[in-house]
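Right, one structure below, let's go through it.
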Amino acid sequence: MVRRRHLVLVFVMMVALAASAAETGRIVAVGDVHGSFDGLSSILQEAGILDEDLKWAGGDAAYIQLGDLFDRGRDVRAVVDLLMRLEGEAAAAGGSVECILGNHEIMNLSGFYRDADPEIYSTFVDGKSEKKRKKLWSAVKSYRGLTGEPTDDAAMQAWMVEHPLGWAEYVEALEPNGVYGKWLRALPVAIMIDGALFIHGGVSPQVAGMSVAEINDAVASEMKTFDSARRYLVSKSILAPTASVVEVGYAVHALMVEAEKEDSTDLVRRHAEQLKPVAGIDDWLMMSPEGPLWFRGPTRWDEELQGDEMAALLDGIGADVMVVGHTPDREGLIRVRFKDRVFLIDTGMLSSYYTGGRPAALEIDDGVFTAIYLDHREVLVDTHALDKAAVVLPAARELQVARR
């Protein structure tokens, strides 16, 4: 009885998704790229999204990129340039390219470059790079002069090593009005296409009760608030121009503590009041380990113990299925969990970093979910293969009526 009830529910869900997929057309989703230009371009060619010249060949298909374009790999710039170009080519052909943010995009937008391959900076070097680096050092030196930090030749040389040629241009490109920063800040955290939710980490208890639009609006607002706070801290010489989100967090916390003291100055209190919106940054959706960009529940939750909770989260946001990246599979495989409702598609494409990783894509076409690899394809879920006996169909109609 339990098994039959499960088949009824799955059948209803998949019939609805199959009908909507027929309207939307073919969907191809790709997980984390991490600067693997060769991996991304090769799997998109295999999936029929790109031709041999790396031009759009997907017709009216929708290509969904699940974030984490940045960090670890050397060809981040080439990857982003490709996606930005494909947006226009796809639209002209009647298709679409939909990119969403990953946690590594947020890291870079907030000045945290820990995982960036140093070689990427060389791709930004131009004839003005040395001049820009010296100008940036001059600003950092002025700040250090206020804080008592070393500014002699040895300090300068050490700073130059930490900030090679091209670093300033990389940062500039990621600023709010930068060529990549502006594009990235306009991207959503999640998109829903006819009952299929695409999100980097996953819908988590932290966003329970929120719609896709509300999640996207919240993260966009957080990013604007952070950008404003960092500009303020730098303009008041509280932080250096190279300040990261970690330094911003520490500085805001210190100011809040200082402002509570009886002997705090009016200036400190004004700073604290100005920065109050950033006080809870660790709990923001864009930063929280339980937020939609960082959540690992789809991969790590126990299906038996937490299956009902996952189902409730998906039902609550109106998703029949959810497609996520974020956690690379050790064998480079696309996995299906939680009674065929959750698809894990991060296969560790950057194989030079992830042992066992390889390029892969998930295709959704007319109710059939297929894993695409460079050497073969594997049907993961075929809604047409479900039991369509007469006993199921009346139950399906009853459930549909109950949902109205």
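Throughout, read-outs are computed from the coordinates displayed, never taken from laboratory work. The model shown is predicted, which means the values in this text are computed figures rather than measured ones. All Cβ positions, glycine included, derive from the backbone under ideal geometry; neighbour counts span all protein chains shown.
Summary of values
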{"quantity": "Cα pair distances exceeding 28 angstrom across the range 44-195, given as percent", "calculated": "33 percent"}
{"quantity": "Ranked PHE226, PHE37, PHE70, criterion: other C-beta atoms within 10 Å, fewest first", "calculated": "PHE37, PHE226, PHE70"}
{"quantity": "Reachable lysines from LYS132, criterion Cα separation under 18 angstrom, eight or more residues apart if same chain", "calculated": "LYS141"}
{"quantity": "Among 46-53, 255-262, 168-175, the order from most to least packed when residues are scored by Cβ within 10 Å on average", "calculated": "168-175, 46-53, 255-262"}
{"quantity": "Under Karplus coefficients 6.51, -1.76 and 1.60, residue-wise ³J(HN,Hα) of the range 58-68 in Hz, glycine/proline x", "calculated": "x, x, 8, 5, 10, 9, 10, 9, 8, x, 6"}
{"quantity": "Within the chain, percent of DSSP bridges classed antiparallel, to nearest 5", "calculated": "60 percent"}
{"quantity": "Full-stretch length increase - ASP308, ASP115 - with 0.36 nm per residue and alpha-carbon distance subtracted", "calculated": "65.9 nm"}
{"quantity": "Mean residue ellipticity (222 nm) of the chain, computed from DSSP H runs ≥ 4 via -39,500 (n - 2.57), nearest 500", "calculated": "-14000 deg cm²/dmol"}
{"quantity": "Three-way shape call for the range 208-291 based on the alpha-carbon gyration tensor, with the a/c threshold at 1.5", "calculated": "prolate"}
{"quantity": "Angle in degrees between helix 245-259 and the longest Cα principal axis of the chain, rounded to the nearest 10", "calculated": "60 degrees"}
{"quantity": "Angstrom value of the Kirkwood radius, inverse mean 1/r, which spans all Cα pairs in the chain", "calculated": "23.1 Å"}
{"quantity": "Nitroxide proxy distance, nm - points 7 Å out along Cα→Cβ at ASP227 and LYS128", "calculated": "2.0 nm"}
{"quantity": "Percent of alpha-carbon pairs separated by more than 19 Å within the range 261-368", "calculated": "61 percent"}
{"quantity": "Largest-first principal axis extents of the Cα set of the range 311-366 (Å)", "calculated": "39, 24, 16"}
